[in-house]
Amino acid sequence: MRSQDDVYFAKVKNDDIVSLKDMKITDVSNLKEETRPTLYRGLKYWGKKPHNIWRDIIKKNTVEGDVVYDPFAGTAITFFESIKIGRKPVVADINPLTLFLVKLYSIDYDIDKIKQIALNIIAKAKTTDLYLNSFVTTCSRCHKKTDIYNYRVFDTIPEEHSYKCKFCGATITEKAQYANCKSNGFNLWKPILDMGQLSSINTSFIKKIGGKNITKLWTDRNIELLSFLFAEIKKIKTKEKDALMFAFLQMVHLTTKMCALRSKKSNRPLSTSWGRPAFLALNSYMEQNPIIQFERAVFGKNGVIECLLSRKTYLPQYRFSTDLKDLNNVDGVVLLKDSKTVVKGFKPQLVITDPPYGSTIQYGELSEVWNIWLQKYDPIYKVNLDKEIIINNKHSIESYIKNMTKVLLNCKLLLYPDGKIIMTFNSNSDRDWEALDLAIKQSDLKVLQKIYQKNCRSSEANVGAIDGIGISDFYLSIGNDIDDGVLYAA
Ligand SMILES: C[S@@+](CC[C@H](N)C(=O)[O-])C[C@H]1O[C@@H](n2cnc3c(N)ncnc32)[C@H](O)[C@@H]1O
């Protein structure tokens, strides 16, 4: 029997569409991504684009002062790269992380103040009974009290812990002494979200993770300590508050139960990652110390302080607004908005974007790990997942095509007749490519050029591409039927 998808597939195949898959590819594998400046490393997100190539494309297709529009802005690379070269970005995303980043980097902070506030919060957290009972041990080499960095948890039991002794410097993994996961019962706000509502979560996940509420992504003691940190950040009265919230967002996912253990052979007992873009209920995982993670997120190599210093050298100071009416008076606009509704108020010379890749990555749902905190931090960061353009159990492929068509038509309406839409697309599902194909066709637009750029981002190996090559990007130049669509002339 044919599944729904097969039937749909057949429908597409019968339709006489120009197949993106079969389209001639201009190979520009000589385009090399440069090392990402630290300002782009702070926040985890999937499918971050190569900033220098993005900038090159903007530069080649616009002149100074031109307006550049990105309806799916993600971590706001279009915003920052446009600012860097004197173009005026208008970017939109329904994910509030975009607005948070643009606001964060628009401000000049007092770095010493950030350090001082962070040190005070960390010191306070470290004197709580919960911390002392959960994350402090006696170094087996020098016999002084030191912080446990993490537990290796097997079937909910923290069997081993690791630390780097702050006195003698020894890195030790040994049988865990504090095997309980008891919470402290601090009377603090904890996030509430029924994970049963999320399409990427099934009943076996909920059973394995221990319950429906999103707090179950963390152990009890970690959720208590995170709530403690969050409450302390919320109390900050100065502008440095945003910088400390950024540190919180940098690490909160790394303290969930979704962090896989590295093999013992790798000899990296102090590190883990949430590498795969999916919710994971693992049999064994690393439970990381949230306070140590927070410390790293402030003072570490890619921590907030380094991100802010990098912003200072990489970008000019900019002013932004969240209202298109201000476009003439600011350097850029960021909209926390459904792009289907962005239809007037500006005239971009170029649209450059990295749209949702069909079903490949569930951006909205995965981002709840951050956004449940962010929207409580400040209600301006509201989340509305219903508006997301995506394919999953709740959003059909038909709705994806319809909605992508709507956004493309809006872009067409906004652009000058010879304006171009340049987009990347990553998916190893034929279905996703065909959905995009249809949306382009239904918008009465043409793919003028397709280029392939093999990139060097090992971290993006899970973002699939049409030919199964993970680490690559396809760029499409799309426009009206005017065949001067040179996306990239080296
Ligand atoms: C592939 S990601 C872009 C990632 C980006 N390249 C980066 O560097 O971070 C697609 C983005 O589209 C956003 N999105 C999905 N539906 C949307 C909608 N209706 N309106 C605006 N943004 C939407 C998602 O939140 C996600 O950030």
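Solvent-accessible surface (1.4 Å probe) assigned to Ile114 amounts to roughly 0 Å².
Accessible area per residue for the range 111-308, computed on protein heavy atoms with a 1.4 Å probe, is 44 Å². The Thr341 and Ala170 beta-carbon pair, evaluated with R₀ = 41 Å, returns a calculated FRET efficiency of approximately 0.10. Quick one: compute the contact order of the range 164-310, relative version, from alpha carbon pairs under 8 angstrom and 6+ residues apart, as a percent. Reported as a whole number, the value is 21 percent.
Between the beta carbons of Val330 and Phe186, assuming R0 = 35 Å, the FRET efficiency works out to 0.25 to the nearest 0.05.
With all pairs of different C-alpha atoms in the average, the Kirkwood value for the hydrodynamic radius of the chain is 23.9 Å. Taking the C-alpha atoms only, the angle from helix 111-126 to the longest principal axis of the chain is near 50 degrees.
Solvent-accessible area of the range 111-308 (1.4 angstrom probe, protein heavy atoms only): carbon and sulfur portion equals 51 percent.
Rounded, prolate or oblate for the range 281-368? Axes are the square roots of the Cα gyration tensor eigenvalues, ordered a ≥ b ≥ c, and the cut-off for rounded is a/c under 1.5. Verdict is oblate for the range 281-368.
Each other residue within a Cβ distance under 15 Å of Lys376 adds +1 if Lys or Arg and -1 if Asp or Glu, for a net charge of +1. Between Ile380 and Asp56, full extension at 0.36 nm per residue minus the direct alpha carbon distance yields a gain of 113.3 nm. Taking each DSSP H run with n ≥ 4 as -39500 (n - 2.57) and averaging over every residue of the chain yields -10500 deg cm²/dmol at 222 nm.
If I take every Cα pair under 8 Å that is 6 or more residues apart in the chain, average their sequence separation and divide by the length, what percent do I get for the relative contact order? Averaging sequence separation for qualifying contacts and normalising by length gives 20 percent for the chain.
Of the cross-linked pairs Lys59/Lys84; Lys382/Lys406; Lys49/Lys84, those separated by over 18 Å at the C-alpha level are Lys382/Lys406. In this simple spin-label approximation, Lys207 and Ile85 carry label points 7 Å from Cα along the Cα→Cβ vector, and these lie 5.4 nm apart.
Placing pseudo-labels 7 Å out from each Cα toward the beta carbon at Ser199 and Asn283 gives an inter-label distance of 3.1 nm.
Principal-axis analysis of the Cα atoms of the chain puts helix 304-314 at an angle of about 30° to the longest axis. The mean sequence distance of close C-alpha pairs (under 8 Å, at least 6 residues apart), as a share of the length of the range 55-108, puts its relative contact order at 36 percent. Here the spin labels are modelled as points 7 Å beyond Cα on the Cα-Cβ line, and at Phe154 and Lys103 they lie 4.6 nm apart. The antiparallel fraction among DSSP beta bridges confined to the chain stands at about 65%. Taking the Cα centre of the chain as reference, the dipole from Cβ charges on Lys and Arg (+1) and Asp and Glu (-1) amounts to some 1640 debye. In terms of packing, defined here as the mean over residues of other Cβ atoms within 10 angstrom, the peptides 285-291, 201-207, 263-269, 76-82 line up highest first as 76-82, 285-291, 201-207, 263-269. In terms of Cα atoms, the Rg and Dmax of the range 111-308 work out to 16.6, 50 Å. Using all pairs of distinct alpha-carbon atoms, the Kirkwood hydrodynamic radius of the range 387-433 works out to 12.2 angstrom. Ranking Asp108, Asp147, Asp386 from most to least accessible surface, computed with a 1.4 Å probe over the protein chains only, gives Asp386, Asp108, Asp147. So if I take the centroid of the Cα atoms in the range 50-89 and the same for the range 328-397, what is the distance between those two points in Å? Comparing the Cα centres of the range 50-89 and the range 328-397, I get a distance of 18 Å.
The values are calculated or read from the model by the stated rules, or taken from the named source; none is laboratory data. All values derive from a computational prediction rather than experimental measurement. We place every Cβ from the backbone using ideal geometry, glycine too, and count neighbours over all the protein chains shown. What goes into the accessible areas is simple: the full protein's heavy atoms, side chains included, and nothing from ligands, DNA or RNA. Shrake-Rupley method; radii C 1.70, N 1.55, O 1.52, S 1.80 Å.
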